[in-house]
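Asks: Here's a structure for you.
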Amino acid sequence: MRLEQSHRTERFGAVRIHELQRVIQLDSGDAPGTGSDGVVSHAAIRAIERELVVVIPCMNETRRVIEGVLSGIPHDCLIVLVSNSARQPVDRYEIEMQTVEQFCRAAERPAITVHQRDPGLAAAMKAAGMPELIDDDGLVRSGKGEAMLIGMAVAALTGRKYLGYIDADNYVPGSVHEYVKVYAAGLHLAANPYAMVRISWHSKPKLRDGRLFFNRRGRSSEITNSFLNRLIAEYSGFGTEVIATGNAGEHALSLELGLRMRLAGGFAVEPFEYLDLFEQFGGVLDAAHPEVMATSVPVLQIETRNPHFHDNKGEEHVQGMRMQALNVLYHSPISLPAVREAILEFMVAQGVLAPGQEPPHERIYPPVGSLALDLLRDVLEAEAGGFRVFGTGALAARASLPHSVL
């Protein structure tokens, strides 16, 4: 793979945000590459893929769409499907498990599935040290951020080094394949134990007047990106548009970084990742991880070639994503008065807040690295009927699991 070289970065303390890079070639041949030329060899990509867990948050997607997503994930990656699909009147999760099992048998590869609302999962997360994740019904809360947290916790049980997320509503297996290749290329080029790669779609096609129109940016992303860039500008004194991936559902990171990060609930999860990096490693607040501060945290943003086709969830869904992103930004301890005032003005203009009101707080969870991973695995295997491991070699040996990472 050949990527456009990144010539500019913005610094926020130890966080280095690279400007958007394009994929120039999906396959750059057998050239080994030097890193500085943006070329990543087949061997380098495969080496990352062998250490990569791909988590698929899923909720009531059709079997054919799920099959397509599974088929696009490179063979050496480990698949983890985290489902919050309906169990009644039709058990859609049972259908998803069968789909994954049949795929694994045909493709001769392992995978893991778990249902977000499984009582045994709730018991495991509580026993491992995260009662904040449990709702009044005694189950793990619904929400995309919660699903991603579960996926990261399961990834921590596998012994692999990297974690990537792919949304389950992707209609094009080729785009899924490209995303994972980009993850591997970006993580290789970052050459840093605390790295993140965030995808910017080439386009998001919509049908207009009987023809496809290829939108460049999503309706929610433009707002989220503009306010995150405003935050950086208020600190630096210079305007910037460096952040192009505030709502990147498709992204990957090293587990060394992920296990130190807090995650937000619901659709606040992706923009809050930027905020958590700024809060923990931006040099504004006290740093709890001097080892990360000394190394820096590179964030690579990469624009893919494939268009992103997915289901249209409607304007209410888009508005919810937008508002949750601004909620976490407004309440961040590093958010400056000018940013908060601009957020309030925007929300009042949108009619989601009355004058004088403040945005609601979103749930923020402790780092997955604070969990007792040995207890998590023990209770999952003993009590979570929806926790299924297909094939062999998916989970790490028990002796290699630390009591906690942090």
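Asks: Rounded to the nearest 500, what is the 222 nm mean residue ellipticity of the chain from helices alone, with -39500 (n - 2.57) per DSSP H run of 4+ residues and division by all residues? All intermediate terms of the calculation are to be shown ahead of the outcome.
Replies: Details: 13 runs with 158 residues, N = 406.
The helix-only estimate for the chain comes to -12000 deg cm²/dmol at 222 nm.
Asks: A follow-up question, please. Using bins 10 angstrom wide from zero, how does P(r) for the chain break down, in % of all Cα pairs?
Replies: So the P(r) values, bin by bin, are 5, 23, 34, 28, 10, 1, 0.
Asks: So which aspartates and glutamates pass the test for Lys126, namely a Cα distance under 12 Å, with those fewer than 8 places away in the same chain ruled out?
Replies: Leaving aside aspartates and glutamates fewer than 8 places away in the same chain, those within reach of Lys126 are Asp135.
Asks: Within the accessible area of the chain, what % is carbon and sulfur when the probe is 1.4 Å and the other protein chains stay in place? Intermediate results must be reported in sequence, preceding the final value.
Replies: Numbers: 8370 of 16520 Å².
Roughly 51 percent of what the probe reaches on the chain is carbon or sulfur.
Asks: Now a separate question. Mean separation of Cα pairs under 8 Å and 6+ residues apart, divided by the residue count of segment 15-84: what relative contact order is that in percent? Each step should come with its number before you reach the end.
Replies: Numbers: 57 pairs, mean separation 20.2, N = 70.
Reported as a whole number, the value is 29 percent.
Asks: OK, next. Around Ile17, under 9 Å between beta carbons, what's the net of Lys plus Arg minus Asp minus Glu among the other residues? Please list the in-between numbers first.
Replies: Details: positive: Arg11, Arg16; negative: Glu10, Glu19.
Around Ile17, the surrounding residues sum to 0.
Asks: Below 19 Å, Cα to Cα, which aspartates and glutamates can Lys161 reach? Residues fewer than 8 away in the same chain don't count.
Replies: Answer for Lys161, where 19 Å is the Cα cut-off: Glu49, Glu51, Asp76, Glu250, Glu256, Glu273, Glu291, Asp374, listed by chain and number.
Asks: Rounded to the nearest 5, what % of DSSP beta bridges with both residues in the chain are antiparallel? List each step's numbers first, then the result.
Replies: Numbers: 26 of 51 bridges.
Beta bridges within the chain, antiparallel portion: roughly 50 percent.
Asks: Within a Cβ distance under 13 Å of Arg340, other residues only, what is the Lys/Arg minus Asp/Glu net charge?
Replies: Details: positive: Arg230; negative: Glu234, Glu341, Glu345, Glu358.
Local net charge: -3.
Asks: Still on this structure: How much area per residue is accessible in segment 332-404 when the probe is 1.4 Å and only protein heavy atoms are counted (Å²)? Don't jump to the answer; show the numbers that get you there.
Replies: Working: 3790 Å² over 73 residues.
So segment 332-404 comes to 52 Å² accessible per residue, rounded to a whole number.
Asks: Around Ala128, what is the net charge, scoring Lys/Arg as +1 and Asp/Glu as -1 over all other residues with Cβ under 14 Å from its Cβ?
Replies: Details: positive: Lys126, Arg377; negative: Glu132, Asp374, Asp378, Glu381, Glu383.
Local net charge: -3.
Asks: If you don't mind, another one. Over what distance in Å are the Cα centres of segment 316-394 and segment 101-168 separated?
Replies: Here the answer is 16 Å between Cα centres.
Asks: Pairs of Cα atoms under 8 Å, at least six residues apart: use those to get the relative contact order of the chain, whole percent.
Replies: Numbers: 835 pairs, mean separation 97.8, N = 406.
24 percent.
Asks: Moving on. Evaluate the charge dipole of the chain about its Cα centre and quote only its size in Debye, nearest 20, assuming +1 on the Cβ of each Lys and Arg and -1 on the Cβ of each Asp and Glu. Let's see the in-between values first.
Replies: Values: 39 positive and 49 negative charges, 144 e Å.
About 700 debye.
Asks: Shifting gears a bit: Taking segment 57-142, which GluC sites (Glu not before Pro) meet the DSSP loop condition and have no more than 13 other C-beta atoms within 10 Å? Don't skip to the end; give the middle numbers.
Replies: Numbers: sites: Glu61, Glu67, Glu94, Glu96, Glu101, Glu108, Glu132; in loops: Glu61, Glu108.
When the GluC sites (Glu not before Pro) of segment 57-142 are filtered for loop state and at most 13 Cβ neighbours within 10 Å, Glu108 remain.
The values are calculated or read from the model by the stated rules, or taken from the named source; none is laboratory data. Just so you know, these numbers come straight off a predicted model, no measurement behind them. Ideal geometry is used to build each Cβ from the backbone, glycine not excepted, and the neighbour counts take in all protein chains shown. The area values use the complete protein model at the heavy-atom level, side chains included, leaving out ligands, DNA and RNA. Shrake-Rupley method; radii C 1.70, N 1.55, O 1.52, S 1.80 Å.
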